[in-house]
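The values are calculated or read from the model by the stated rules, or taken from the named source; none is laboratory data. None of these values were measured; they are calculated from a predicted model. In this analysis, Cβ positions are derived from the backbone assuming ideal geometry, glycine residues included, and neighbour counts consider all displayed protein chains.
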Amino acid sequence: MADLRINGVTKRFGTLTANDNVSLSVAGGEVVALLGENGAGKTTLMNILFGHYVADEGSVEIDGKTLPPGSTDAAIKAGVGMVHQHFTLAENLSVLDNIMLGTESLFSLTSKVGAARKKLQHLAKEYNLEVHPDALVGSLSVGERQRVEILKVLYRGARILILDEPTAVLTPAETEQLFVNLKNMVASGMSIIFISHKLHEILAISDRVTVLRHGAVVGEVATKDADRALLAEMMVGRKVSRPKAEIISAGEPIVELEKISIKGDKGMPMLLNEVSLTIRQNEIVAIAGVAGNGQRELAALLSGMQKPDGGSLLVEGKPVTKNNPNRFLQMGFGRIPEDRHHTGTVGEMNVWENLISEKLRQSPLWRYGRIIDFDACRKKAAELIEQFDIRCNGMETETRLLSGGNMQKLILARTLTADPKFILANQPVRGLDEGAIAFVHEQLLNARASGVGILLISEDLDEIFSIADQVAVIYHGRLSPLLNVRETDIGTIGAMMGGHMKEVA
């Protein structure tokens, strides 16, 4: 067992106080959930615990001994292990090779592979994390890769496990199995810090919840005394409720995919295999699936960045012959990209520049066909910042400095004010807190009510069942028939995401 205490930690970055006198404790055999809005200071605090950052004030103790600040090696030796949301595995190496990486000296003349294999097999059996030591990581499912990440830190002697958004890429069935495994670890005396935006998961797995707001602890509650409404209010500082889709009649078809296929690299399977789909006015159609099953190619196709190798794409009944992003903008397509940092915005550009980037050639921002009217651009940007409550230190702020929620508001403002006919919403609330999720969903439902057709690509089934009208599951590039959200259930969709796709034509 390990007893962790974070005592009065303060961390400043210039004038920004990321952590403000934060104290937190985790006992052996306990799961403590760390909850807070984007920018609340959760990641900074964990980076201080793991030795990536040095606190300006305060200390970290494990079993009564103070950790030297800024030493990852010291944190690992004290039993701290961190599993990040995005896996850091070498796909061309075996499970055992990945586990052993960095554990042996480069100057050692021999490798203790046999002993490592036995230790790995023992840990896998003890914690119900079975995975074959010789399997190539590239051949594993997402759930199996996460097991490897957890085994990596256990192999190094972790007694305190930090899990950052651990279910972001898992199916519901894989999430249930993860929780079974975590409970086994806790039963053996492990301490777990669980970071997630999914309130139902926090309620299902944790013993206590500590809430951060603006870098400070604003409350702590025993999970048995909490519910989703209470946690959301503690996190945001006000009552928050997610909007629900009202039943309205769908209109005319806007976007139609007819047996669209996209080939993989030579010798690889099809990335999209004869995908057919129709999105109508006043309708949100959702695509559910685990990442890597063709969603990226589908999104690229509907952004004008990918040409199909077979099939047809029709917009308002007319075939699309030119595949380029500008043409799709002209047709009335709006997009909320999966990666808001790299494809949704240009981080080095100012907030106002990103806000007007897709409408720059529209009057009155563009004069005489070639001259940018900077005053008009800034005026328009100021209106959007106020309308969408984009919190920034002025419109000249570099966009990379915005929180995830405010960056998403920027993208929404740019997209929704361009009078779109169709919106591609690709993982629109990934990594957002409850307040930001509610805002994004409200904006999408308002667009739906105004006649916009929306394709929602999401791995979050709660999101799909809250705002979508129809849902299809994508698996290995094939798409199931559409199902009415109100006539199916999360269990059915979750099973289909895991490959039980008998419904696929």
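Using the structure shown, decide if Leu272 is in contact with a helix residue (DSSP H, G or I) (Cβ under 6 Å, 6 or more places away or on another chain), at pLDDT below 95 and within 30 Å of Gly310 (Cβ to Cβ).
Numbers: in contact with a helix residue (DSSP H, G or I) (Cβ under 6 Å, 6 or more places away or on another chain): yes; at pLDDT below 95: yes; within 30 Å of Gly310 (Cβ to Cβ): yes.
Criteria met by Leu272.
Out of the residues in region 192-228 that are touching a helix residue (DSSP H, G or I) at 6+ places or on another chain (Cβ under 9 Å) and small (Gly, Ala, Ser), which is nearest to Ala33 (Cα to Cα)?
This residue is Ser206.
Condition first: basic (Lys, Arg) and either in contact with a helix residue (DSSP H, G or I) (Cβ under 9 Å, 6 or more places away or on another chain) or more than 23 Å from Gly332 (Cβ to Cβ) (or both). Now tell me which residues in region 397-442 satisfy that.
Restricting attention to region 397-442, the residues satisfying the condition of being basic (Lys, Arg) are 400, 409, 414, 421, 430.
Those that are basic (Lys, Arg) and either in contact with a helix residue (DSSP H, G or I) (Cβ under 9 Å, 6 or more places away or on another chain) or more than 23 Å from Gly332 (Cβ to Cβ) (or both): Arg400, Lys409, Arg414, Arg430.
Looking at region 39-52, I want the residues that are in the same structural domain as Ala436 (by TED's automatic domain parsing) and have a partner that is at pLDDT 90 or above and crowded, with 23+ Cβ neighbours inside 10 Å with Cβ atoms under 9 Å, at least 6 apart or on another chain. Which pairs are those?
Sorted first by the residue in region 39-52, then by its partner, the list stays empty.
Of all residues in region 158-187 being among the charged types (D, E, K, R) and farther than 11 Å from Tyr127 by Cβ, which is modelled with the highest pLDDT? Give the derivation first.
Taking region 158-187 first, the residues among the charged types (D, E, K, R) are 159, 164-165, 174, 176, 183.
Applying the additional criterion that residues be farther than 11 Å from Tyr127 by Cβ yields 159, 164-165, 174, 176.
On the way: Arg159: 92, Asp164: 85, Glu165: 81, Glu174: 78, Glu176: 85.
Among them, the one singled out is Arg159.
Out of (1) modelled with pLDDT of 85 or more; (2) surrounded by 15 or more Cβ atoms within 10 Å (Cβ to Cβ); (3) in the same structural domain as Gly289 (by TED's automatic domain parsing), the odd one out for Pro337 is which?
(3)
Taking helices (runs of 4 or more DSSP H) that fall entirely within region 250-365, which contain at least 2 residues that are over 28 Å from the mean Cα position of the chain (by Cα) and more than 22 Å from His441 (Cβ to Cβ)?
Values: elements: 295-301, 325-330, 351-356.
Those helices (runs of 4 or more DSSP H) span 325-330.
Of the residues Asn350, Asn354, which is over 24 Å from Phe465 (Cα atoms) and surrounded by 22 or more Cβ atoms within 10 Å (Cβ to Cβ)?
Testing whether each residue is over 24 Å from Phe465 (Cα atoms) and surrounded by 22 or more Cβ atoms within 10 Å (Cβ to Cβ) leaves just Asn354.
Kindly evaluate Gly499 against the criterion of being in contact with a Phe, Trp or Tyr (Cβ under 9 Å, 6 or more places away or on another chain), not assigned by TED's automatic domain parsing to the domain that holds Ile287 and not in a strand (DSSP E or B).
No: the conditions fail for Gly499.
Filter region 38-80 for residues that are touching a helix residue (DSSP H, G or I) at 6+ places or on another chain (Cβ under 6 Å) and buried (at least 19 other Cβ atoms within 10 Å of the Cβ); which is farthest from His214 (Cα to Cα)? Show your work before the answer.
The first filter runs over region 38-80 and keeps only residues touching a helix residue (DSSP H, G or I) at 6+ places or on another chain (Cβ under 6 Å), leaving 38, 50-51, 53, 55, 60, 67-68.
Adding the requirement that they be buried (at least 19 other Cβ atoms within 10 Å of the Cβ) leaves 38, 50-51, 53, 55, 60, 67.
Numbers: Asn38: 9, Phe50: 21, Gly51: 22, Tyr53: 18, Ala55: 17, Val60: 21, Leu67: 25 Å.
Across region 38-80, the extreme among qualifying residues is Leu67.
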